[in-house]
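Student: Mind looking over this structure? Questions follow.
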Amino acid sequence: MRVTRDGFGRPVCAEQPAAGRRPGTRLCLDAGGDTGRRFLALIRDLPVALSVHTVPRGPVGELLLPFTPLERDYVQEAPAGRRGRRLAQLWTRKEAALRLTGRGELAAADAIDALSGVREGKVVIPGSAAGPGGTAYVRELPAGPQTVACAATSAPAPGVRIWRAPCEPAGSHGDATAGAGSAWRDA
């Protein structure tokens, strides 16, 4: 399969579905990383953006700057042991949505509400001088007990597949896709 990049630099299957071809014949993918592992999200026919982060440990107060007041309250009202996971969930929702819309303006993350549309899976990106904004449909993916992963698509999606593979040690040139512990997960 030949891979190319869309207008925002995301990898997609190089061949566009031809007229008369069935839906589901074009794969879209994105990669993300976490300490010791690489993740790959795949979906058919929709652009996808992936965000993966380790759940922070300890106090999260100084990490709340790129969040709205409502999101800060949501994190701080959680029991101390759950605050890090809530923070990572909100951050991965924002980052995946920003990456999907191509804005990548993480400095503007405090203006994006990743909490209000959580039931519908929606994150609205406001327009700015950098771009027109848009809506991302975000879903959490299974990534492990201390890792949070979210994938954003441009429309509601019935499923995103995520693949995990351990990272090769620094300086290694082995095939990371062949490592022990790699697995497909449907989300």
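Student: If you take the beta carbon distance between ARG57 and SER116 as r and set R0 to 25 Å, what does 1/(1 + (r/R0)^6) give as a FRET efficiency, to the nearest 0.05?
Tutor: E between ARG57 and SER116, to the nearest 0.05, is 0.35.
Student: Would you kindly state how much longer the chain becomes between ASP73 and THR35 on full extension, computed as 0.36 nm times their sequence separation minus their alpha carbon distance, in nm to one decimal?
Tutor: Computed gain between ASP73 and THR35 is 10.8 nm.
Student: Shifting gears a bit: Under the rule of at least 5 residues apart or a separate chain, name every residue whose amide H is placed under 5 Å from the amide H of GLY133.
Tutor: SER128
Student: Over the range 50-127, how many percent of alpha carbon pairs lie in each 5 Å bin up to the one with the longest distance?
Tutor: 3, 16, 29, 26, 17, 7, 2, 0
Student: If you take the beta carbon distance between GLN146 and ASP45 as r and set R0 to 35 Å, what does 1/(1 + (r/R0)^6) give as a FRET efficiency, to the nearest 0.05?
Tutor: Result of the calculation: an efficiency of 0.60.
Since every read-out is calculated from the coordinates, none of them should be taken as a lab result. Computed from a predicted model, the values in this text were never measured in an experiment. Methodologically, a virtual Cβ is constructed for each residue, glycine included, from the backbone with ideal geometry; neighbour enumeration extends over all protein chains shown.
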